[in-house]
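Here the structure comes first, spelled out in structure tokens, and everything after it is commentary.
The values are calculated or read from the model by the stated rules, or taken from the named source; none is laboratory data. From a predicted model like this one, the values you see are computed outputs, not experimental measurements. Cβ placement follows ideal geometry from the backbone for every residue including glycine, while neighbour counts extend to all protein chains displayed. Only protein heavy atoms, including side chains, enter the accessible area calculation; ligands, DNA and RNA are left aside. Shrake-Rupley method; radii C 1.70, N 1.55, O 1.52, S 1.80 Å.
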Amino acid sequence: MTKHAMKSAFTQTLRRALLAAGIVAGGYTAAAQAAYPDHAITMIVPLAAGSAVDNAARLVAQEMAKELGVAVVVENQPGAAGIIGADRVSKAAPDGYTIGGFNDSILTMVPNMQANMPWDPVRDFAPVSLATTFAWALVTTPSLNYKSAADFIAAAKAAPGKLHYGSGGIGSPQHIAMALFTARNKLDVVHVPYKGASQAAVGVAAGEVQAAFQAVATVKSLSDGKKLDLIGVCSEKELASLPGVKTISESGSVPFTFESWFVVVAPKKTPAPVVERLNASIKKALANPDLQQKLAAQGASPRGSSAKELGDLTKSQLQVYKKLIDDNNIKVD
């Protein structure tokens, strides 16, 4: 056998071996994606346990696990209005085994308020799906006996700088919602940031602060138990799940609406087939009538967008909140 023939035979043998191992011609990537997922997926929720996003994430993750055939484990990593947990997701391996369950504040509000962000909401995440949206409400301490937004507004105007409101942290949706509400109604109310939305809700119930804007899902059990008063919803019309509760706009405030999201993202450069697999599992989960009923009981509405739709929405809302935050002079306290 000539040297050329020997070299050719060796090359062909090596190529067959590499192909068998799935390493050349994109074989490794294809083989890896075809097997995805083959072990548990971790969903990082950069918010406190018991928050609206955390509750929805756990429900959706349970259904995703059934469809994917592996566990989808929700892990809370709160802190710095979501920046810390989101940073972990942004720096995770882009293999689909670490994903993020975020609220819209992390992607569209906080980046407009923090000067030195460790990640970029567009550059460093691969959008997967807008899973749900949440209805919001104004809640107050029961001993105050406020019956409507008008009562809260009147009390705040009668004692400027004396009432306090709680939030899940600086730049959180609770912070932004109340800052917008007080700016539009020309109120002077003091911000008290907590370590999470659920802690802020408990603060209202305990009378540590007098009020808060919260996702209905976060405060539903406290409201049902008469631990706090839910005096108005932030939607355009009354909610079927809260009969008799007026909207903020029709109960004494200037026109005011607010809602939030639960979205799923992955680290940037996560392969498109993996993103598509995750997206399909979320859509299938949200199509389950039992899950829909559980989400509705929390004031959450299933969405199940495409990855592109979430990406486009994130970019547009970044600009919307930049203008709102600038126009209303909302600052990091």
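Structure notes:
- At least 3 residues being touching a residue at least 40 places away in the same chain (Cβ under 8 Å) is the threshold, and among the strands (runs of 3 or more DSSP E) wholly inside region 64-178 those reaching it are 98-103, 125-140, 164-167.
This table checks each residue for (1) open to solvent by 10 Å² or more (accessible area, probe 1.4 Å); (2) touching a His at 6+ places or on another chain (Cβ under 8 Å).
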site: Thr140; (1), (2): no, no
site: Val189; (1), (2): yes, yes
site: Ala201; (1), (2): no, no
site: Leu222; (1), (2): yes, no
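- Any helices (runs of 4 or more DSSP H) falling wholly within region 236-333 and containing at least 3 residues that are more than 25 Å from Ala197 (Cβ to Cβ): 272-286, 307-327
- Hey, Val219 in contact with a helix residue (DSSP H, G or I) (Cβ under 7 Å, 6 or more places away or on another chain) and at pLDDT below 95 or not: yes
- Restricting Thr132, Thr182 to those that are β-branched (Val, Ile, Thr) and either surrounded by 22 or more Cβ atoms within 10 Å (Cβ to Cβ) or within 17 Å of the chain's Cα centre (by Cα) (or both) reduces the list to Thr132.
- Scanning region 298-317 for any residue that is at positive phi, within 16 Å of the chain's Cα centre (by Cα) and open to solvent by less than 70 Å² (accessible area, probe 1.4 Å) turns up at least one such residue.
- Any hit, region 51-58, residues being assigned to a loop (DSSP other than H, G, I, E, B) and over 14 Å from Ala266 (Cα atoms): yes
- Any hit, region 136-159, residues being of a type outside the set (Lys, Arg), under 18 Å from the mean Cα position of the chain (by Cα) and farther than 16 Å from Leu47 by Cβ: yes
- Boolean, Lys227 is within 22 Å of Asp326 (Cβ to Cβ), surrounded by fewer than 23 Cβ atoms within 10 Å (Cβ to Cβ) and either free of Cβ contacts under 8 Å to residues at least 40 places away in the same chain or out of contact with any strand residue (DSSP E or B) (no Cβ under 8 Å at 6 or more places or on another chain) (or both): no
- Residues (touching a Cys at 6+ places or on another chain (Cβ under 9 Å), more than 16 Å from Lys147 (Cα to Cα) and open to solvent by less than 10 Å² (accessible area, probe 1.4 Å)) located in region 232-289: Phe256
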